[in-house]
Amino acid sequence: MSPSVTPERYPVAIVGGGIAGLTLALALEKLGVRYVLFESQSSLAPDRGASVGLQPNGLRILDQLGLIDKIEQHTGTLQRWRHLDGQGELISETKALGYYQSLIGYGPLFLERRKLLEIMADELQDKTAAKTSLRVVSANESSDGVELALSDGHSITADLVIGADGVRSCIREAIDMSRTEWHSEANEYINTQFACIYGISGAIQGIVEGDCFSVYRPEATVLIFTGRNGTIFWFVFEDLGQTYGLSTTPRYTNDDIDALCDSIAHLRLTASVRFGDVYGNRSVAMKVPLEEGLAPSWHTDRMVIVGDAAHKMVPNAAMGANQAIESSATLLNELGNIFTTKDGGSPQPELLANALKRYEDIRKFRASEIVQRAGTICRAQLSHSGPAAAVRQELPSLTDGDWLVRGFMGLSESPVIDGLPVPPRGKFFGQAVEKFWKRFRARQASGFKTSNLELFEIEA
């Protein structure tokens with residue numbers, strides 16, 4: 001580009017068009033904030049990847065964005081979770097998932113990631129704001145803004161750059177490099193101890209829509225969710241036996257997929273279904289390393305990261321997408337009306353920097369807890385010792401009420417987007433959580449030993 005050409009300027013530039021990036025884009029559009037989004041893939045809904053789990057905390061925000069009806073057309077809510085040992089024997093079973101729809105307004109669900117992205121991208125009113133097949137090559141911050149150099153040779157300038165560009169985030173790298181008092185690299189805080197095969201299979205007789213399965217055994221194990229018409233979304237987890245830094249994570253072939261899945265084909269899920277039956281009916285299977293970690297710094301004065309770029313977790317808690325959505329909502333809330341001033345000018349640098357700091361302060365602890373929780377569940381499934389073993393050992397004693405109490409506690413801190421209307425189901429969510437805490441605290445104060453299920457007015 002000629003030095004005499006002034007780069008086009010935007011209030012906000014979003015790097016990455018995944019779930020976090022599209023959440024931000026949809027919200028900014030509804031809030032009347034001009035933005036540009038860059039996605040390196042040729043489509044916002046690429047035909048790659050497998051499934052995504054959405055829980056009430058994420059669904060409430062997606063409902064604010066006008067997406068809930070379209071999402072629910074493509075899936076059904078989860079109902080029952082069976083925990084099995086390596087021989088297929090039942091450790092425990094819970095039907096707590098089946099209560100969520102009536103108790104809090106949204107039931108947990110699974111669907112194809114591509115379908116969710118397609119729904120989100122279709123909802124964008126100004127399709128020209130999203131630029132596909134464009135990669136951000138570099139980000140250079142000054143007191144006046146951030147200049148992004150693009151893979152087509154052009155550049156743009158933005159008042160704020162949001163990195164929603166995944167675990168190998170170029171914006172996170174720019175933030176790391178900007179730290180003069182200390183410098184860190186992703187290899188120091190993101191690592192891989194496990195690999196995962198993500199798969200989708202057609203319905204199989206013996207596995208019912210709404211069922212989930214977790215198998216507990218060392219070395220390699222299985223996690224299964226079901227969607228509409230019995231579609232099976234499955235995960236095979238492999239313990240790699242060593243730790244890799246982000247830059248040295250392994251890459252896998254189709255032969256690697258076949259070898260691992262064949263080694264556990266005998267695992268029994270029901271009286272009539274083994275994992276080999278699920279694998280044999282697959283339409284998608286891809287093996288990837290499972291990175292996990294928390295970035296030490298999430299922002300500069302004009303750059304910030306969300307989603308996997310900030311907090312990468314393994315998929316065992318089905319919280320990765322939901323936490324990306326939560327982080328996006330919290331960031332928008334802290335930005336407040338900084339970008340919606342009537343004069344349309346650039347935001348005051350101090351206000352912007354303070355908003356980014358508040359966002360990190362608010363989100364980091366919760367995200368860290370969930371990264372750790374997901375990792376502990378993964379290690380429990382792979383029969384690790386320590387806290388993971390305690391998770392496995394308590395399973396037989398947990399009731400539906402216990403699961404619901406833990407679930408409601410976990411959902412209590414989830415945000416909404418402050419500047420957007422909360423739909424009726426979202427309001428019901430807030431009322432349900434408030435009602436739960438009122439009863440929980442009243443029980444504590446009274447000393448009465450009512451069951452956890454009774455807190456939700458459910459007969460045991």
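The values are calculated or read from the model by the stated rules, or taken from the named source; none is laboratory data. Remember, predicted model here, so these are calculated numbers, not experimental data. FYI the Cβ positions are ideal-geometry reconstructions off the backbone, even for glycines, and counts take in every protein chain you see. With ligands, DNA and RNA removed, areas are computed over all heavy atoms of the protein, side chains included. Shrake-Rupley method; radii C 1.70, N 1.55, O 1.52, S 1.80 Å.
The residues of the chain have, on average, 43 Å² of accessible surface per residue, using a 1.4 Å probe with all protein chains present. Between residue 133 and residue 243, the simple spin-label model (points 7 angstrom out along Cα→Cβ) gives 4.2 nm.
Remark: the chain carries a charge dipole of roughly 1000 debye about the Cα centre, counting +1 on each Lys and Arg Cβ and -1 on each Asp and Glu Cβ. In this structure residue 286 has an accessible area near 60 Å², from a 1.4 Å probe over the protein heavy atoms.
Extension gain, residue 445 to residue 348, is 30.1 nm, computed as 0.36 nm per intervening residue step minus the present C-alpha separation. Note: relative contact order over the range 9-412, using C-alpha pairs below 8 Å and six or more positions apart, is 20 percent.
Per residue, the convex hull spanned by the alpha carbons of the chain comes to 158 Å³. For the range 35-146, rounded, prolate or oblate, judged on the Cα gyration tensor with a ≥ b ≥ c (square roots of eigenvalues), a/c < 1.5 rounded, else prolate if a/b > b/c? Here the range 35-146 falls in the prolate category. With the convex hull drawn around the C-alpha atoms of the range 1-88, the volume per residue stands at 171 Å³.
Peptides 430-438, 351-359, 105-113, ordered by how many other C-beta atoms sit within 10 Å of their residues on average, highest first, read 105-113, 351-359, 430-438.
When the C-alpha to C-alpha distance is required to be over 24 Å, the pairs from 357/435; 95/364; 115/287; 70/357; 357/427 that qualify are 357/435; 95/364; 70/357; 357/427. Using the alpha-carbon atoms, what tilt in degrees (0 to 90, nearest 10) does helix 349-381 show relative to the longest principal axis of the chain? Taking Cα atoms only, the helix is inclined about 20 degrees.
The GluC sites (Glu not before Pro) of the range 152-213 that DSSP puts in a loop, and whose beta carbon has at most 15 other beta carbons within 10 Å, are 181, 185. When you count the other C-beta atoms within 10 angstrom of each residue and take the mean per peptide, 59-67, 418-426 line up highest first as 59-67, 418-426. Note on the chain: dipole from Cβ charges, positive end direction compared against 310, 383, 192; the farthest Cα belongs to 383. Of the peptides 160-169, 362-371, 238-247, the order by per-residue mean of other Cβ atoms within 10 Å, starting with the highest, comes out as 160-169, 362-371, 238-247.
Per-residue ellipticity at 222 nm, computed for the chain from helices alone with -39500 (n - 2.57) per DSSP H run of at least four residues, works out to -11000 deg cm²/dmol. With a cut-off of 10 Å between beta carbons, the residues surrounding residue 298 carry a summed charge of +2, where Lys and Arg count +1 and Asp and Glu -1.
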